[in-house]
Amino acid sequence: MRRLVLGLVLTTALGGARVGVEAQSQSGAIQPTPRLADGKPDLTGVYQASNRRGRDWDAQVPGDAPGQPARATQPSAGVNIAQRDPIPFRPEAQQRAQDILNRRSVDDPAAHCVPQASPRMTPVSLFPMEFVHTPKKLVILYEYFWSFRSIPIGAAHADDADPSFVGDSVARWDGNTLVVDVTNFKAGGWLGGGLVHSDALHLVERYTRVDRDQMNYEVLIDDPKVLTKPFTQRNTLMLREGTRLREYSCLENNMDPKLYEKLLVDPSTFIRKPK
Amino acid sequence: MRRIVQLAATLILAGIAPAAAHHSFGVYFDAEKPVTLTGVVTKVDWRNPHTHLYLDVKDASGKVVNWTLEGYPPNVLSRTGWKKDVTVKVGDTISVFGWRARDGAPMAHLREATLADGKRLFFGPPAGTGEGGPVAGR
């Protein structure tokens, strides 16, 4: 509990500048950031979205009461650990967010196993991500939806790419931070919090491996068709050396489309009722 | 209750924003209908995007009903203490805690299982996962 309080105090004290991270005591001394041959930080590794350092996978375990996690495992092993600024919705987008809430996300494209943009994929702590990094390229492999991004470093955006679910990414260095610019999205992806992006979505991601075990992820989300101004989302990624990616074939036995088709005949069975 | 309040406070303070892992809990399952069952495993369907356990459970009249219990994908279970064909096998008697389907079918979102040896493991995420979360101001 002391670690949790420390993390929360840090978060508050820094004005939300970074996600609260547990004290170092759990995994020993901080090791330096690995470097590539060109001297830049090497982002290579398997990571989990988590606030807890250490080699082992971070997961909730049952506590005393049925269904409730043990207190020590509550803070950092949720489904999604993102910390973000309030979403500055345009009025129509705000109404859509309310509709999404009322309809309990029945229209979520993820239910059809469609990969989503990185602000949604990156904070999901149930699935690992693997970074493969060379001086000219960063490849991010996501177990979630078994998808990937191949990101050239120092290149321009592709001029012949069709809009896609995860967008077109290019990277450049800003000191020790790899900055990834992402554009050219298909409209209609969900970013969480009721935010449905348009084809004007523009992301500026910042990956900073602050030491061997911890990488900070910060993304500026801009979408002038649905937002009044850009906003920022952050989470930490922790190195999990004992973890490997496994196949996540989401379409293998996805029962949702058939079930939802049946349920949507009468949505009153599940939509939220005004209190 | 105190723990639930603490968790809620933690989530608010840390700005944690639950999002769907694959699909919404609340479209088909009802957080107001918790259920605890004990029965015999008849099938383990270790497939994506959700693992399913099938459990024969005797109701109050002695009639056996086969329940379908939905949980995490195999990868998540494999990383959290489950092993295919070992942790739970056909014929095992287990107890489970989860939340029932809205339509009253013998189906539940399975949160936690208690194995024959008393070991307790989570099998799925908490109620409410992925169904939208607080929207106003977010």
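Residues checked against (1) in a strand (DSSP E or B); (2) surrounded by fewer than 19 Cβ atoms within 10 Å (Cβ to Cβ); (3) touching a helix residue (DSSP H, G or I) at 6+ places or on another chain (Cβ under 8 Å):
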{"residue": "A:43", "(1), (2), (3)": "no, no, no"}
{"residue": "A:53", "(1), (2), (3)": "no, no, yes"}
{"residue": "A:56", "(1), (2), (3)": "no, yes, no"}
{"residue": "A:67", "(1), (2), (3)": "no, yes, no"}
{"residue": "A:87", "(1), (2), (3)": "no, no, yes"}
ask   = What number of residues in region A:204-225 are touching a helix residue (DSSP H, G or I) at 6+ places or on another chain (Cβ under 9 Å), under 30 Å from residue A:92 (Cβ atoms) and either of a type in the set (D, E, K, R) or buried (at least 24 other Cβ atoms within 10 Å of the Cβ) (or both)?
value = 5
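If you go through region B:123-132 one residue at a time, do you hit one that is closer than 30 Å to residue A:87 by Cβ, over 16 Å from the mean Cα position of the chain (by Cα), in contact (Cβ under 8 Å) with a residue 40 or more places away in the chain and at the interface with chain A (Cβ under 7 Å from one of its Cβ atoms)?
Checked region B:123-132: at least one residue is closer than 30 Å to residue A:87 by Cβ, over 16 Å from the mean Cα position of the chain (by Cα), in contact (Cβ under 8 Å) with a residue 40 or more places away in the chain and at the interface with chain A (Cβ under 7 Å from one of its Cβ atoms).
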inquiry  = Can you go through B:81, B:104, B:91 and tell me which one is out of contact with any Gly (no Cβ under 6 Å at 6 or more places or on another chain), surrounded by fewer than 22 Cβ atoms within 10 Å (Cβ to Cβ) and within 10 Å of chain A (Cβ to nearest Cβ)?
reply    = B:81
note = When (1) touching a Phe, Trp or Tyr at 6+ places or on another chain (Cβ under 9 Å); (2) assigned to a strand (DSSP E or B) are applied to residue A:219, the one that fails is (1)
request  = Please specify each residue of region A:248-272 satisfying the condition of being part of a helix (DSSP H, G or I) and among the aliphatic types (A, V, I, L, M).
outcome  = A:259, A:263
message = If I filter region A:58-90 down to residues being over 21 Å from residue A:217 (Cβ atoms) and among the small types (Gly, Ala, Ser), which single residue comes out as modelled with the highest pLDDT?
response = A:63
Verdict on residue A:243 being part of a loop (DSSP other than H, G, I, E, B) and in contact (Cβ under 8 Å) with a residue 24 or more places away in the chain = yes
query = How many residues are of a type outside the set (Gly, Ala, Ser), under 16 Å from the mean Cα position of the chain (by Cα), farther than 23 Å from residue B:23 by Cβ and part of a loop (DSSP other than H, G, I, E, B) when one looks only at region A:69-85?
reply = 1
ask   = For region A:151-172, does any single residue satisfy the condition of being within 14 Å of chain B (Cβ to nearest Cβ) and part of a strand (DSSP E or B)?
value = no
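For region A:125-140, what are the residues that are in contact (Cβ under 8 Å) with a residue 60 or more places away in the chain, away from chain B (no Cβ under 14 Å) and surrounded by 14 or more Cβ atoms within 10 Å (Cβ to Cβ)?
Listed by number, the residues that qualify are A:131, A:132, A:133, A:138.
The values are calculated or read from the model by the stated rules, or taken from the named source; none is laboratory data. Owing to the predicted nature of the structure, the values given are computational and were not obtained by experimental measurement. Reconstructed Cβ throughout: ideal geometry from the backbone, glycine too, with neighbour counts over all protein chains shown.
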